[in-house]
Amino acid sequence: MAGAQGCGEGQMAGLYDLERTLGKGHFAVVKLARHVFTGQRVAVKVIDKSKLAGEAAGQLLQEVRCMKLVQHPNVVRLYEVIDTHAKLYLILELGDGGDMFDHIMRHEGGLAEARAKHYFAQIVHAISYCHKLHVVHRDLKPENVVFFREQGVVKLTDFGFSSLFQPGKMLTTSCGSLAYSAPEILLGDEYDAPAVDIWSLGVILYMLVCGHPPFQEANDSETLTMIMDCRYTVPPHVSAQCSE
C-alpha cells in the first residue's frame, strides 16, 4: 500500500487528475480519473478516513485484501492503493460500457437467452474463481457487473461486502441488497458463504432473461415475504430449458 501526500481537490497524489463523479457511497466517492503521465483512464474510489468507524475500516481492509487476491479476466482489477493522511484511494480498472442493470433495463422482457447465457457464464466463471480462493462476494447484483466493450467481456466489481471464508465454517454478518439476498442472510442466521453468492447468481439470471427482478414488490416487507416463500413466476417467453 503506497503512501503519498495529497495534491489538492483536482489531483490525487500528483499521479491522477480527478474528473467527474461516477458514484457515491456512505464513506466513499468513485471518480473518473486520468493518469498524469500515461493518460490512462481509471476509476478511483476515494475513501474519507474520517468517516470510517472500526467495523467499516475492517471491511475496507477485507475489500482490498480480496481484490488483490482475485486476479481474473472477469473481475475488475485493482491496480494500486494510495494511502494519504486524510484519504485512501483505490485505483481500479475502468469499464467503458456501463453496468448490467442499465443494460437489462434497455431490453424490455429481458435479453435473448443466448446473449444472457454469454454474459451469465462470465459472471459464474468469476465467482467460481473467487470461491476457489475462499473469497465470497456477498453483494452480487447487475449494478456490480460492468461492461468492457473493447475487451468484449463483463467484469464483476464492488467487493465492499466481500470476505475470506474457511470451507465448512459458517458466516454470520448480514449484508448485501434485499432483492438479491438469500433468505438465511435476511433471517440473520448463520450461512454457508458460497451458497449465498449462488442464490444471488440465480436472481441475476432471472433478471437477464425476464427483464425484472423475481422478488420485487411495492415495499420491502412484501419483497421480504416473497423471498422467504421463494415465490416468483417465470414469464411464458422463457424457454423450458432455461426455466428448469
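Please report, ordered by residue number, every helix of the chain (full DSSP H runs) that is 18 Å or longer along its axis going by C-alpha atoms and whose mean Kyte-Doolittle hydropathy reaches 0.5. Could you put the intermediate results ahead of the total?
Numbers: long enough: 54-69 (23 Å, 0.02); 113-132 (27 Å, -0.33); 193-210 (27 Å, 1.81).
Both cut-offs are met by 193-210.
Segment 91-146 and segment 13-57 have Cα centres spaced 22 Å apart. Using the rule -39500 (n - 2.57) for each DSSP H run of four or more residues, divided by the residues of the chain, the 222 nm mean residue ellipticity is -9500 deg cm²/dmol.
Each Lys and Arg contributes +1 and each Asp and Glu -1, all at the Cβ; summed about the Cα centre of segment 74-168, the dipole is approximately 280 debye.
Basic side chains Lys and Arg get +1 at the Cβ, acidic Asp and Glu get -1 at the Cβ, and with that the dipole of segment 2-92 about its Cα centre reaches some 180 debye. Principal axis extents of the C-alpha atoms in segment 2-92 (largest first, rounded to whole Å): 35, 34, 24.
Hey, which of these cross-link pairs are over 24 Å Cα-Cα: LYS24/LYS68; LYS45/LYS141; LYS68/LYS132; LYS68/LYS155; LYS24/LYS169; LYS68/LYS117? Too far apart for the 24 Å limit: LYS24/LYS169; LYS68/LYS117. The antiparallel fraction among DSSP beta bridges confined to the chain stands at about 90%. A Cβ-based charge dipole, computed about the Cα centre of the chain with Lys and Arg at +1 and Asp and Glu at -1, lands at about 780 debye.
We did not get these values from a lab; they are worked out from the coordinates using the rules stated. Here the structure is a predicted model, which means the values were calculated and not measured. Heads up, the Cβs are rebuilt from the backbone with ideal geometry, glycines too, and the neighbour counts pull from every protein chain shown.
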